[in-house]
Amino acid sequence: MPGIDLSGKVALVTGASRGIGSVVATRLAQAGAKVGVNFHASSELATAVVDKINKAGGVAFLVGGDVSQEDKAEAVIKQLVEHFGNIDILVNNAGINIDQLLIRMKTEDFDSVMNINLRAAFLCTRFAMTHMIRQRSGRVINMSSVVGLSGNPGQANYAAAKAGLVGLTKAVAREVASRNVTVNALAPGYIVTSMVEEIPEDKQDQILARIPMGRFGTPEDVAEAVVFLSSDGASYITGQVLTIDGGMIA
Ligand code: NAP
């Protein structure tokens, strides 16, 4: 986004090895932020994201760890702060889906989806917030989904986790507003990443028919919103959910 300067800011993007997270990390670095690139399993992809940002003149740092586990989430924030000195922007982006109709959904698949989409955001926010409150500024951006607002058959676990993120966003936004920390959520519709590419082609066509703009979103569409919400210009926006879906649930 031309004109937005995040120089001097430190950002952490969870789940930044691929998909939306990798583009968000790249875009934040292009705007001048120093960026922590978190991943869980895809170390080669995450290393490539870091290398690409650094080669392009940005500053990125690899910080691996399963952020749904308390000790790992704490270590990720600690390593980032030790490396860059502080944390200004936290993008809770790590997420998975394990889709199944409710009556066939395994309890462990419910738990995994809740843990990675919701618990991880709670943990990272709690560990980062100590620093943000101390420095009297900060930005938290939670990656929810339109599915958390409208529901979707076969995604009871994912919808519950993404709706949970909306509640988390609003509660924490009220808690920390007086400390100049904003907390917002993004609710993307269908964004072209592996999550959407795995949808069978006939179902993709049915979805496209429901999108007034007639196209799926791109990770860049989401990244631009992250950059804006991270900027000084968004300092009076908190507790909000911004839908990025080409008008699908308008
Ligand atoms: P993706 O391409 O599948 O990437 C998921 C990312 O999350 C990967 O970098 C993965 O890293 C990371 N991750 C998974 N479990 C993790 C864990 N325990 N700890 C740390 N990182 C972990 O997904 P995406 O489509 O970019 O989605 C990104 C976010 O946007 C998710 O929260 C998703 O729910 C949300 N969203 C996506 C869409 C869409 O249409 N694509 C729509 C609405 C919302 P590893 O590979 O290293 O495990």
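Observations, loosely collected:
- Here the chain has an Rg and Dmax of 17.0, 51 Å, counting Cα atoms alone.
- Report summary: the helix-based calculation at 222 nm, which adds -39500 (n - 2.57) for every DSSP H run with n ≥ 4 and divides by the residues of the chain, gives -14000 deg cm²/dmol.
- The residues of the chain have, on average, 47 Å² of accessible surface per residue, using a 1.4 Å probe with all protein chains present.
- Student exercise, segment 10-241 dipole from Lys, Arg, Asp, Glu Cβ charges, in Debye to nearest 20: 700 debye
- Counting every C-alpha pair in segment 57-105, the share spaced more than 17 angstrom apart comes to 49%.
- Net charge contributed by nearby residues that have their C-beta within less than 12 Å of N115 (K/R +1, D/E -1): -3
- Separation of segment 173-250 and segment 65-108, taken as the distance between their Cα centroids, equals 19 angstrom.
- Alpha carbon convex hull of segment 1-120, volume per residue in cubic angstrom: 104 Å³
- Measuring nothing but protein heavy atoms, the accessible surface of the chain at 1.4 Å probe radius is 53 percent carbon and sulfur.
- Within the straight-line cut-off of under 18 Å between alpha carbons, the lysines reachable from K34 are K9, K52, K55, K78, sequence neighbours fewer than 8 places apart in one chain being disregarded.
- The phi-based Karplus calculation (6.51 cos²θ - 1.76 cosθ + 1.60; θ = phi - 60°) puts the 3J(HN,Hα) values of segment 84-96 at 9, x, 6, 9, 10, 10, 10, 10, 7, 10, 3, x, 9 Hz, whole numbers, x for Gly and Pro.
- In segment 25-97, Cα pairs under 8 Å separated by at least six residues give a relative contact order of 26 percent.
- Amide proton proximity set for S42, modelled H, under 5 Å, gap of 5+: none
- Near Q100, once Lys and Arg are set to +1 and Asp and Glu to -1 for all other residues with Cβ below 9 Å from its Cβ, the sum equals 0.
- Selected from A29, A187, A171 as most flexible by GNM, with the chain as the system and alpha-carbon contacts under 10 Å: A171
- In order through segment 223-231: 3J(HN,Hα) via Karplus (6.51 cos²θ - 1.76 cosθ + 1.60), integer Hz, x for Gly, Pro: 4, 4, 5, 5, 4, 4, 5, 7, 8
- Taking Cβ atoms as reference points and 13 Å as the exclusive limit, the residues near A48 contribute a net charge of +1, counting Lys and Arg as +1 and Asp and Glu as -1.
- Exposed-loop-free span, longest in the chain, where trypsin sites (Lys or Arg not before Pro) count as exposed if DSSP calls them loop and at most 16 other C-beta atoms lie within 10 Å: 1-105
The values are calculated or read from the model by the stated rules, or taken from the named source; none is laboratory data. From a predicted model like this one, the values you see are computed outputs, not experimental measurements. In this analysis, Cβ positions are derived from the backbone assuming ideal geometry, glycine residues included, and neighbour counts consider all displayed protein chains. Remember, those area values only see protein heavy atoms, side chains included, never the ligands or the DNA or RNA. Shrake-Rupley method; radii C 1.70, N 1.55, O 1.52, S 1.80 Å.
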